[in-house]
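Bear in mind that the values in this text are calculations on the coordinates, not laboratory data. Not measured: the values here are computed from a predicted model. Here the Cβ positions follow ideal geometry from the backbone for every residue, glycine too, while neighbour counts run over all protein chains shown.
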Amino acid sequence: MAANNVYAQGRDPNEIPADSTVKPDFDPKTWDMPLSLALSQQLTTGRTLCELAEQGRDDIVVCTADLGRPTQVQDFAERYPDRFFNFGIAERNMISAAAGLATTGTLPFISNYAFFLALMGCENIRNDICYTDLPVRMVGTHSGIAMGFYGTSHHSCEDIGVLRTIPNLTLMAPCDGTAIRSLIRSTIDHPHPLYFRAGRGREKQVYDQPFEARIGGSNVLRDGGDTTIFAVGIEVAFALDAAEQLSRDHGIEAAVVDCYSIRPLDTETVLARAGRHGHVFTAEEHNVTGGFASAVAETLALNGMATRLHPIGMPDAYSVLGPPTHLYQHYGLDGAGIAERVAQVLKNA
Amino acid sequence: MSRDVRNVDKSILAEKAKMIRRDVVEQTDVCGSGHYGSAFSIAEILAVLYYQLMHVRPDAPTWEDRDRFTMGKGHAAIALYPVLADLGFFDRSWLDNYTRLNSPLGDHPDMRKVPGADFSSGSIGHNLSVSVGMALGAKRNGSPARAICLMGDGEMTEGQVWEAAVSAPNFGLDNLVGIVDINKAGSDGYTADIMDTRPLADKWQAFGWRVIPLADGHDLDQVSNALNDALNRPDGRPTVVLADTVAGKGVSFMEGYWQWHLGFLGPKDKERALAEIEKGLN
């Protein structure tokens, strides 16, 4: 988030992308699109797919709808142009065509903004990819309110709710670039549809090394005896910040679990953790209705857990406008916001 | 990419078209309602495709070099099932249980349940896009497979069709063939009254497709020539065959009536219809 300030800090010529028109002698505040996109370092889809292609995965093809650059698959497009299909701004055609491609022995990766993929394309995903149970990979980037002031049309706070009710579909949420890479690689041979709910690529890095991901798995990133925060996506980093603050300022020890597999959920871990506490928390950049909180709530209720769940996320309303960092603060989704909520609940418990 | 054409006598194709219509009537009798109009209008097209032009292997339904047939107008799958059964993709007895509890054969085709069905459908407007993907995949694999998508004229109002139409020439898909079954009947009335999409030839041409008009979609010589041109004489562009057909063709009291888009024949009228079907088209 604070990474935006690199603009003001002067430029290292080595960090200017080759296709940028901005040179080191430009005003440090000047930027063009390639320079802006270079900030989305955590979107590792293209790099990961290049690696896999180099390692002999000839079946991988990439589809996008005029968003190959912002979703960072342009490197794949340049390296493997005969395996890259840009459909223009025609998402439904792209999704259905990816399904058709999958019937011919290819492994299509769709890389697109989440709101145009999961929300606009929901019916195509359901009928052409999931009903047919085809091995198509969808990487929906810029989920939640990461697009900030671009407004509601560019926000995606309903996609978890929509996608987790579609049979045959596995829904995973990588929280940073290493997680994207780990999730893609770990599930590469899964013979069914998969959706990766990714952020804008400017998230704080959580993982310093790749991990073996499991469909239905999670990672306990921090232990703590007082409560557990189950987090997805960008909220994982914020939850870790919150745990730090809670320990420092309130003497509260909160565990943090990265629930990178939203559907299926790691119910074993959720139940084991919830069983230790009277209160647990979920954190997601999504409407608290129908999304990750609901998935955890179902798990608790269906298993007779008396633990009280406190969902942290977007209220059941469209976001106000603002820069993303301001929005995370406004909605209490950043580290300070989560810490405040947790402290308040536990102190009144 | 052109492929061999089987030398099939026209009388055999006519018999297959009769079989399709007969089985549509019988399956609808099991179900209690059916798309007679939409199924009868494509009987000759299906007969020519499957018995003369397409390369498929009933003993290996997922053979990777098979020609792919998808149905944008999936509600006419009732006409496809008799063909697949007759070719040996599955047992003809499946037809007797059409749409009954747990039957693989529903009103719309399901690729996971019906051997020989190349894709699932039911949501109109999707399958030309799917076929674009299939044609892209075939090209990438160096396969001789062609992707054929049968659409309805009512389907021409779906925006996604035109997204697909824009993309196919861009991708150079000369192995893609669209067929528009212009039977002029929709669910609410005549397609031209509901939402007129004419002139279709101009539209497809403007989108960069080769257009082959088929003046009478029930004349076997014309159907055969048009589809053979489309499949076996590619000119670098995707091809669309605009087939002028008659909804309900083959049963006089249904012909040309949108009212038989969906319906049911009582026992007496079923016998009348079957008798007319047995006589065949003139």
Self-check item: ³J(HN,Hα) computed for each position of the range A:123-136 - Karplus, 6.51 cos²θ - 1.76 cosθ + 1.60, integer Hz, glycine/proline x
Solution: 5, 5, 4, 5, 7, 9, 10, 8, 4, 7, 6, 9, x, 9
Exercise. Mind telling me which of A:Y318, A:Y195, A:Y113 comes out most flexible in a GNM of chain A, alpha-carbon contacts under 10 Å?
Key: A:Y318
Quiz item: In cubic angstrom, how much convex hull volume per residue do the alpha carbon atoms of the range A:76-169 span?
Solution: 94 Å³
Quiz prompt | Backbone N under 11 Å from the A:D249 label point (7 Å along Cα→Cβ), restricted to the range A:307-349 | solution = A:335-344
Quiz item: For the range B:171-282, what is the largest minus smallest coordinate of the Cα atoms on each principal axis, given in angstrom and ordered from greatest to least?
Solution: 52, 31, 19
Quiz item: Suppose every K and R has +1 on its Cβ and every D and E has -1 on its Cβ; what is the size of the dipole of the range B:105-203 about the Cα centre, in Debye to the nearest 20?
Solution: 520 debye
Self-check item: chain A, dipole about Cα centre (Lys/Arg Cβ +1, Asp/Glu Cβ -1), debye to the nearest 20
Solution: 380 debye
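Listed highest first by mean packing, meaning other Cβ atoms within 10 Å per residue, what order do A:305-313, B:41-49 come in? List each step's numbers first, then the result.
Values: A:305-313: 18.3, B:41-49: 27.0.
Listed from highest to lowest mean packing, they are B:41-49, A:305-313.
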Quiz item: What are the principal axis extents of the Cα atoms in the range A:219-348, in Å, biggest first?
Solution: 40, 33, 27
Quiz prompt | Per-residue ³J(HN,Hα) for the range A:104-113, Karplus 6.51 cos²θ - 1.76 cosθ + 1.60, θ = phi - 60°, Hz, x for Gly and Pro | solution = 10, x, 9, 10, x, 10, 9, 10, 7, 5
Quiz item: Can you list the residues, at least 5 places off or on another chain, whose amide H is less than 5 Å from the amide H of A:H310, using H built in the peptide plane?
Solution: A:V280, A:F281, A:T282
Quiz item: Restricting attention to the alpha-carbon atoms of the protein assembly as shown, what are Rg (one decimal) and Dmax (integer), both in Å?
Solution: 27.9, 91
Quiz item: Going toward the positive end of the dipole of the protein assembly as shown, with +1 on Lys and Arg Cβ and -1 on Asp and Glu Cβ, which of B:V114, A:I234, A:G88 do you reach last?
Solution: B:V114
Practice problem: Give, rounded to the nearest 20 debye, the magnitude of the charge dipole that the range B:10-279 has about its Cα centre when Lys and Arg contribute +1 at Cβ and Asp and Glu contribute -1 at Cβ. | Solution: 440 debye
Quiz prompt | Most mobile of A:S96, A:S261, A:S20 in a GNM of chain A (Cα contacts under 10 Å) | solution = A:S20
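Hey, fewest Cβ within 10 Å first, where do A:V256, A:V220, A:V232 land in order?
Numbers: A:V256 28, A:V220 15, A:V232 34.
Placing the least packed residue first, the sequence is A:V220, A:V256, A:V232.
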Exercise. Evaluate chain B: find the radius of gyration of its Cα atoms, find its Kirkwood radius, and give the ratio Rg to Rh.
Key: 0.94
Exercise. Go ahead and estimate [θ] at 222 nm for chain A from helices alone: -39,500 (n - 2.57) per DSSP H run with n ≥ 4, summed, over the residue count, rounded to 500.
Key: -8000 deg cm²/dmol
Exercise. Restrict the search to the range A:135-214; then list the trypsin sites (Lys or Arg not before Pro) that DSSP places in a loop and that have at most 10 other Cβ atoms within 10 Å of their Cβ.
Key: none
Quiz item: Mean projection of the alpha-carbon convex hull of chain A over all orientations, in nm²?
Solution: 17.3 nm²
Quiz item: Picking from B:Q52, B:Q205, B:Q259, which is most flexible by a Gaussian network model of chain B using Cα springs under 10 Å?
Solution: B:Q205
Quiz item: Distances over 17 Å make up what percent of all Cα-Cα pairs in the range A:235-279?
Solution: 44 percent
Quiz item: Under 5 Å between amide H atoms, partner at least 5 residues away or on a different chain: which partners does A:D66 have, H built in plane at 1.01 Å?
Solution: A:F87, A:G88
Quiz prompt | Protection proxy ranking, peptides A:263-269, B:273-279, average beta carbon neighbours within 10 Å, highest first | solution = A:263-269, B:273-279
